[in-house]
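Every read-out reported here was derived from the displayed coordinates using simple, explicitly stated rules and does not represent laboratory data. Because the structure is predicted, anything quoted here is derived from the model rather than measured. We place every Cβ from the backbone using ideal geometry, glycine too, and count neighbours over all the protein chains shown.
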Amino acid sequence: MKKLISFLLSIILTLSGNPSGVMAAGGGMLNFKEVNTYKNGQFTDVAPDDWYNASVGAAYELGLMSGESSNYFNAAGQITVAQTVVMAARLHKIYNTGSGEFESGKTWYAPYVSYARENGIVTGNPNLDAAATRAQFADVLSRALPKEALEQINDIADDVIPDVKVGDEYAGSIYMLYRAGIVTGSNSRGAFRPESSISRAEAAAIITRMTDKSLRRSFTLKYSGPDLTKQDEQDDSFFENAAILGNSLVDGLRLYSNMKSISYFCGTSVSVVSATKTRNMQLKNGQVGTLVQALCQEPHDKIYIELGINEIGSDVDYFIGLYGDMLDTIIEAQPDADIYILSILPVTKSKSDSSTVFNMTRVNMYNEALHKLAEEKQCYYMDICSALQGDDGYLPSDWSGDGVHLHAQYYSVWENCMRTLY
């Protein structure tokens, strides 16, 4: 009878997915214990006041990460796919057995990869020597611990992460880590940057949150819509690391407003197509590029976009498709920036009545589509149009000479919107 009971217990433990058949005393999260000693300043590239110092120290003490040498961690270095698998294998084995030790193999990572395959942590044949994308890292790490160790603490709705939709590859893993408070996003909108690489410092922060539930972050990531609210007027310091992309209307703002601290990327007749396709800008690397490439050379806190009046005669869906592609390019290059989509400005009644293109029917139709696009891409929508309209819904006739462009003194109305809507 005793032999039968022992036999049945061994089967139950094996079916539970525990590779060793026995979980260490205490088990699970209690198995993560210090096996090394970390001292501040141990790694020359990790200062005590660096945001990642505590995470690096914890990952080192738990035996999950080590330095690239005895005194150099390489915090800014990129994590490879192999290193990702090694960390995941260690997490899984420690959680289940209390030990993160592996025998040596033909390559330094071979035993970890074999273990990861046996336990469903990694599938397929990824290029182990390549830099891991953030999406790959999240996917592998999400399978290192069972679901009960990654319980949800945050209410993160489907599709609320601006650059990860639920149908995307790896989306399930990414949303799981957000909901567990292990990943919080890289900016105020919660962008994940799935195709970007991940640094060793970032990896240390993620794996330590996986091992210590007290480090996990409680937060809400709910998008409230693309509209802005009117607030106290901001001074020039608000725009010191901001940029604006646009057409001749933006060039007028550059010339006639008091907004001098913002960086302007604009020109006559600029459209979405020319901003993304026409190479007429001298870039800092010596090459000639597009207006969007020039904009994305350096990081910005805020990016304002005023485009559309020059393509208002085209099909609105076609225009929005091109605009959306441009936004994707900018968001990928500037993941930490708040993006403001500015409405197309109104035209005068005489211009509207005399033109089948430059009329308020089309302006309103395009602005409605831009408003929806802003919501889809989780950008802000700034309604400059309403601020410049008279009681009749048109640009006042004495505010423009050609029915489209503003006289110099009326750029102050536009400027006021940008200083108070945020």
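How high is the FRET efficiency between Glu368 and Ser261 when r is their beta carbon distance and R₀ equals 41 Å, given to the nearest 0.05? Mind showing how you got there, number by number?
Values: r = 32 Å, r/R0 = 0.78.
In this case the efficiency is close to 0.80.
Radius of gyration and Dmax for segment 22-215's Cα atoms, expressed in Å?
16.0, 45
Roughly how many whole Å is it from the C-alpha centroid of segment 125-143 to that of segment 275-338?
30 Å
If each DSSP helix of 4+ residues adds -39,500 (n - 2.57) and the sum is divided by the residues in the chain, what number results at 222 nm, nearest 500 deg cm²/dmol? Each step should come with its number before you reach the end.
Working: 15 runs with 156 residues, N = 422.
Rounded to the nearest 500, the figure is -11000 deg cm²/dmol.
Using Cα-Cα distances under 8 Å and only pairs 6 or more residues apart, what relative contact order does the chain have, in percent? Present the calculation step by step, with values, prior to reporting the outcome.
Values: 699 pairs, mean separation 51.7, N = 422.
Worked out over the chain, it gives 12 percent.
Rg (Å, one decimal) plus Dmax (Å, integer) for the alpha carbons of segment 236-420?
Cα only, segment 236-420: 15.7, 50 Å (Rg, Dmax).
Kindly express, to the nearest 10 degrees and within the range 0 to 90, the angle between helix 360-377's C-alpha long axis and the longest C-alpha principal axis of the chain.
With rounding to tens, the tilt is 10 degrees.
Using only the alpha-carbon atoms, how far is helix 2-15 inclined from the longest principal axis of the chain? Give it as 0 to 90 degrees, nearest 10.
The two axes meet at around 20 degrees.
Kindly provide log₁₀ I(q)/I(0) values, in the same order as q = 0.11, 0.12, 0.13, 0.14 Å⁻¹, from the Debye equation applied to equal alpha-carbon scatterers of the chain.
With one equal scatterer per Cα and no solvent, log10 I(q)/I(0) is -0.90, -0.99, -1.09, -1.20.
Could you work out how far apart the two model spin labels at Ser218 and Gln234 are, taking each label as a point 7 Å from the Cα in the direction of the beta carbon, and quote it in nm?
Between Ser218 and Gln234, the simple spin-label model gives 3.0 nm.
Go through Lys230/Lys302; Lys349/Lys372; Lys93/Lys213 and tell me which ones have a Cα-Cα distance over 20 Å in this structure. Working shown, then result.
Numbers: Lys230/Lys302 17 Å; Lys349/Lys372 26 Å; Lys93/Lys213 18 Å.
Lys349/Lys372, as the Cα separations exceed 20 Å there.
For Asp317 and Glu148 in one chain, what is 0.36 nm times their gap in residues minus the Cα-Cα distance, to one decimal in nm?
Working: separation 169, 0.36 × 169 = 60.84 nm, distance 4.51 nm.
Between Asp317 and Glu148, full extension yields an extra 56.3 nm.
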